[in-house]
Amino acid sequence: MPALLIVSFIAIVILGYAIIIYNGLVRVRNEIKLTWSNIDVLLVQRHDELPKLVEVCKGYMQHERDTLERVVRARTDVEGARSSGNVASVSVAEGALRSGLTNLFAVAERYPDLKANDLFKNLQTRISALETAIADRREAYNDAVNAQNTRIETFPDVLIARLFNFVAAPLLKFSAGQTSDVDLKLAFRP
């Protein structure tokens, strides 16, 4: 009888520990979902601001249609990648969009009336602020991904993670050029 109690006690402790591990893994997985959702909100906000910026620029930049079209195309690509939830695709599409915005802001420097337009200045400031917020939230997302990926690879969490099919999440990576501020001075150096 005492052996049965000891075995039962050990089984209950192991089961309780497994439940604690499982709940912890669910918590970190949900943190990834939450941080991605926070990034998604900012991407949508920026997505909504870009057509306004393009419209303001159209009136001034008659001969820069290619630059404007690249921004519009890149915006569409980011929206498609964002909607699919594919982190790698978002990274690539974000690179193209950032490049398009850099070119757009550089070209805008050639149009003094556009640079003086209050709506253009407000949109440029708003988009720059969104870029900064996206970078901050990307860091939080990557921290959550790192926490989960570490847990699902370490013992004893790896046993529960494999049993319940927890998989490693991808980091949201941007190249150094994509994460730095847009430097318009570089665009005009000889």
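Going by what's in this entry, would residue 129 be described as surrounded by fewer than 20 Cβ atoms within 10 Å (Cβ to Cβ), modelled with pLDDT of 85 or more, within 25 Å of residue 35 (Cα to Cα) and of a type outside the set (S, T, N, Q)? Here the answer is yes, as residue 129 does meet what is asked. Checked against (1) under 22 Å from residue 86 (Cα atoms); (2) at pLDDT 90 or above; (3) assigned to a loop (DSSP other than H, G, I, E, B), residue 173 passes all but condition (2).
When the helices (runs of 4 or more DSSP H) confined to segment 1-118 are screened for residues that are more than 20 Å from the chain's Cα centre (by Cα), within 23 Å of residue 160 (Cβ to Cβ) and modelled with pLDDT of 90 or more, those reaching at least 1 such residues are found at 2-60.
The values are calculated or read from the model by the stated rules, or taken from the named source; none is laboratory data. Treat the numbers as computed from the prediction; the structure is a model and nothing was measured. Note that we place each Cβ from the backbone using ideal geometry, even for glycine, and neighbour counts take in every protein chain shown.
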